[in-house]
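Here is the structure we will look at.
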Amino acid sequence: MSDITDAIVNAFYLIITADRDLVEIVILSLQVNLLAIFISCAIGLSLGALLAVYRFRGRTITLIALSALMGLPPVVVGLIVYMFLSNSGPLGVLGLLYTPTAMVIAQVILITPIIAALTRQTLEAIYEEYKEQLKSLGVGKLGMAATLLWDGRYQLITVILVGFGRALSEVGAVMIVGGNINHVTRIMTTAIALETSKGNLSLALGLGIILIILSFIVNGLVHAINLTAERYAYA
Amino acid sequence: MLNSAQVTNLFPLKVENLSLNFGGRNKSQPLINGMSFTINQSGITAIMGPNGAGKSLTLRLLHGLLIPTSGKISWYQKGENSEQTKAMQNQQAMVFQKPVLLRRSVTENLRYTLRVKNITDKNEQQKLIDEALEKAGLEDQAKNPARRLSGGEQQKLAMVRALMTRPAILFLDEPTASLDPNATKAIEDMVLSASEAGTKIIIVTHDIGQANRITDEIIFLNKGQMTEQAPTKTLIEAPQSKAARQYFRGEIVLDD
Ligand SMILES: Nc1ncnc2c1ncn2[C@@H]1O[C@H](COP(=O)(O)OP(=O)(O)O)[C@@H](O)[C@H]1O
Ligand SMILES: [Mg+2]
């Protein structure tokens, strides 16, 4: 019992004194996940907006595939990215395995379908409402997609935050392709897993507390944005 | 873009044997079923008829929002009638029964239309926006979210937005159906002044009083067909078709 009490006290001590290892891990986590979410948004928001306005053969299949990709098991994505990046894999020469770049790639593969599918769903609802008016004004399909991205801005920020939250809490895929190497590819979730198994509960708990705080912030933002959107009737 | 000189070039508008059916359903009974009529430049044209007659669909066909299954819509241009082009559609505007406003401020809703219509000069934009705001009486609400306006204000905004680039034709689908008398009056005044300024108005309405007040002719539709077309007074006082008699006299005549 006192072990656990000690661990909790130590965890707060690590946070308050900005322990070097802890800070390094938090910063790398944020770097990897912010870069991943940035790339996922660039791809996912455009793809989602285009899928919301274009009607083509195979669209239904595409949407089903996208939903299926949303639920990809992270460890399987990790395994596949691992096989591509390993020395004997097709991209082995790039030497990316066990680097932060490999983790970004895995995260992008996991998050992009989520952003794209939620964007499509959000914007298609607005499209149904807008399409006749926009067509009447003479707006083309690409113009419509751009209009929807702007008019769906509040909901889309929420979508992005959901993606970011998902990336922050991900562990399986980044563990496999990053290798959880100290000072190189160790991020919050993988460090928690490792330190816990080593019995170093203080660092694990310290990181856990930070993750929970980040999660609260993300969800708080989602809530605040929804309230603002409703107040303006932009929801 | 802003001159209404081309306006007269688009009329007469000829609709010949127009039909529309969606997909496989109701093949035997198209929603628009062999409709023919001619609309001239002068005056305001009302499209009337019972619910489900095909008034909204007809308006969308004329505006090019729907493609007919068969038949022809042709506009007069350069001495002959030709099918609608993108350029012709660009000279038209439409206001829907339930106004569709963007998730932006009142001003930004107006600016959006200007940008789409390639009016990019900031000063000209501001001038047109100020004019529109004044016409709609929305100067005080300029920065407010458009979707927070009252129903009447939203419809006035939709009207000035449609009119701000001086379209050759304005299609109105029951624009006052859910408005109170004051807002209705404001919309009707806008319709009349736009008509005087040279915009051809084609309006769907259920309101016989409104037809009397502002329109010059009525095209009466029933079950996807045109049953008659006549000057407003004539048609309301002496409807010829059975469907129109039922409609204007409130006679209840059941189908056989
Ligand atoms: N998108 C659609 N698909 C199938 N049927 C439709 C569609 N839009 C309208 N209809 C049908 O066409 C008929 C005419 O509709 P509409 O033009 O909206 O009537 P109204 O004269 O009341 O404006 C109605 O019976 C309606 O149910
Ligand atoms: Mg209708």
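Relative to the first principal axis of the alpha-carbon coordinates of chain A, what is the inclination of helix A:20-53, with its axis defined by its Cα atoms, in degrees from 0 to 90 and to the nearest 10? Between the helix axis and the principal axis of chain A, the angle is about 20 degrees.
Pairs exceeding a 27 Å alpha-carbon distance, out of B:K98/B:K200; A:K135/B:K135; A:K141/B:K117; B:K86/B:K143: B:K86/B:K143. Compute a Gaussian network model of chain A, connecting alpha carbons closer than 10 Å, and tell me which residue from A:T190, A:T60, A:T158 fluctuates the most. Highest fluctuation of the listed residues: A:T60.
Among beta bridges identified by DSSP and lying wholly in the protein assembly as shown, the antiparallel ones come to about 55 percent.
For region A:208-223, the Karplus equation 6.51 cos²θ - 1.76 cosθ + 1.60, evaluated at θ = phi - 60°, returns couplings of x, 4, 5, 4, 5, 4, 4, 5, 4, 4, 4, 5, x, 4, 4, 4 Hz by residue, with Gly and Pro reported as x. Summed over qualifying helices (DSSP H, 4 residues or more, each -39500 (n - 2.57)) and divided by its residue number, chain A shows a 222 nm mean residue ellipticity of -27500 deg cm²/dmol.
Projecting the Cα atoms of A:T122, A:Q133, A:L221 onto the charge dipole of region A:2-234, computed from C-beta unit charges around the Cα centre, puts A:Q133 farthest toward the positive end.
Just so you know, the Cα atoms of region A:2-234 work out to an Rg and Dmax of 20.6, 71 Å.
Converting the Cα gyration tensor eigenvalues of region B:152-192 into ellipsoid dimensions via √(5λ) gives semi-axes, longest first, of 17, 10, 9 Å.
What would the Debye formula give as log10 I(q)/I(0) at q = 0.08, 0.10, 0.11, 0.16 Å⁻¹ for the alpha-carbon point model of chain B, no solvent? These q points yield log10 I(q)/I(0) values of -0.33, -0.51, -0.62, -1.23.
For peptide A:135-143, compute the average count of partner chain beta-carbon atoms within 10 Å of each residue's beta-carbon.
If you average over the peptide's residues, the count of other-chain Cβ atoms is 6.
Taken about its Cα centre, region A:57-153 carries a charge dipole of roughly 200 debye when the Cβ of each Lys and Arg holds +1 and the Cβ of each Asp and Glu holds -1.
Hey, what's the Cα Rg ratio for the protein assembly as shown versus the globular rule of thumb, 2.2 N^0.38 Å? So the Cα radius of gyration is 1.32 times the expected 2.2 N^0.38 Å. Note on A:I212 and B:S42: their simple-model spin labels are 8.2 nm apart, each label 7 Å out from Cα toward Cβ. Compared with the rule-of-thumb size 2.2 N^0.38 Å for a compact globular protein, region A:125-193 has a Cα radius of gyration ratio of 1.83. An ellipsoid equivalent to region A:1-130, defined through the eigenvalues of its Cα gyration tensor, has semi-axes of 37, 22, 14 Å when rounded to whole angstrom and sorted largest first.
When the Kirkwood hydrodynamic radius is evaluated over all pairs of different C-alpha atoms of region B:107-221, what value in angstrom, to one decimal, is obtained? Write down the numbers at each step before the final one.
On the way: mean 1/r = 0.0674 Å⁻¹.
After inverting the pairwise mean of 1/r, the radius is 14.8 Å.
Where a number appears in this text, it was derived from the coordinates with a stated rule and is not lab data. All values derive from a computational prediction rather than experimental measurement. Here Cβ is always computed from backbone atoms with ideal geometry, including for glycine, and neighbour counts include all displayed protein chains.
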